[in-house]
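Every read-out reported here was derived from the displayed coordinates using simple, explicitly stated rules and does not represent laboratory data. No experiment lies behind these values; they were computed from the predicted model shown. In this analysis, Cβ positions are derived from the backbone assuming ideal geometry, glycine residues included, and neighbour counts consider all displayed protein chains.
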Amino acid sequence: MIIPPFLKQLFSSFLDLLPILAVVLVFQIFIIRQPIPDVGSLIVGTVFVILGLTLFVQGLEQSLFPIGEAMAYAFACKGSVFWLLSFAFCLGFGTTVAEPALIAVAQEAANIAGSSGIIEAGSDARDSYALGLRITVALSVGFAILVGVLRIIRGWPLYYLIIGGYCGVIIMTPFAPAEIIGIAYDSGGVTTSTITVPLVTALGVGLATAIKGRNAMIDGFGLIAFASLTPMIFVMGYGMLR
């Protein structure tokens, strides 16, 4: 019997979520020893999460991954480094500025900064701070993807960029304002999330596949690591300049 791909993915999403459910239920029943509150809402929410995860993965496989690889391959075959690097920067910037996790963290950081007296307490000041933080992080990821694509083209070892970047983070940390350091360190994680990772990964793999002498496994990956590093540097710089 042939199982439709959607049902296979649905079952796979259920298996992925099963360990989380098991941990919650075990601690709720055997450690806390309290009844599970609102079991109906828990079941409905779990079904929604499974369906959402299934649709998300299906969307990645059918849309984002193919289009990212196809565009990278097309730009590489066209032979224009300028347009390829421009596309890489715009892709990194555009996906990051729309990243839901970044929007949430930037808004939360602005609210706390306003309530702590770091910035003015008004809504305009908070919106300006949050927007500035988002733009800064988006620029940093755009820059990271641009340099990462240039690394694939030139064949530079990935560890040169990673080691150099973290050395920059270590050097900047003592000079950055104390209130911005935690945000800077967290910004690297929130930027590489649901929207950015699939497209950037597809870009790297497609580009490495298209360029003669490059290995998709060795050269196609690593863009995400660099993209999660540069926001730390840019956000600490943003804090120093404000």
Checklist entry - How large is the helix-only mean residue ellipticity at 222 nm for the chain, computed as the sum of -39500 (n - 2.57) over DSSP H runs with n ≥ 4, divided by its residue count, in deg cm²/dmol to the nearest 500? => result -25500 deg cm²/dmol
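Multiplying the sequence separation of Ala98 and Ala70 by 0.36 nm and subtracting their Cα-Cα distance, what value in nm do you get?
Using 0.36 nm per residue and subtracting the Cα-Cα distance, I get 7.9 nm.
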Checklist entry - For the chain, what are the DSSP H helices with axial Cα length of 27 Å or more and mean Kyte-Doolittle hydropathy of at least 1.6? => result 5-26, 39-59
Checklist entry - In terms of the Cα gyration tensor, with a ≥ b ≥ c the square roots of its eigenvalues, is the chain rounded because a/c is under 1.5, prolate because a/b exceeds b/c, or oblate? => result oblate
Item to check | Distance in nm between pseudo-label sites at Leu241 and Ile119 (7 Å out along the Cβ direction from Cα) | outcome: 1.5 nm
Next on the checklist: Along the charge dipole of the chain, pointing to its positive end and built from +1/-1 on Cβ of Lys, Arg, Asp and Glu, which listed residue (Tyr185, Gly122, Gln62) has its Cα farthest out?
Outcome noted: Gln62
Checklist entry - Over all pairs of distinct alpha carbons, what does the Kirkwood formula give as the hydrodynamic radius of the stretch 1-57, in Å? => result 12.6 Å
Checklist entry - Along the charge dipole of the stretch 116-242, Cβ charges K/R +1 and D/E -1, which of Ala225, Thr201, Trp156 sits furthest on the positive end? => result Trp156
Item to check | Dipole in debye (nearest 20) - the chain, about Cα centre, beta carbon charges: Lys, Arg +1; Asp, Glu -1 | outcome: 680 debye
Checklist entry - Which net charge results for the neighbourhood of Gly92, defined as the other residues with beta-carbon distances under 14 angstrom from its beta-carbon, given Lys and Arg at +1 and Asp and Glu at -1? => result +1
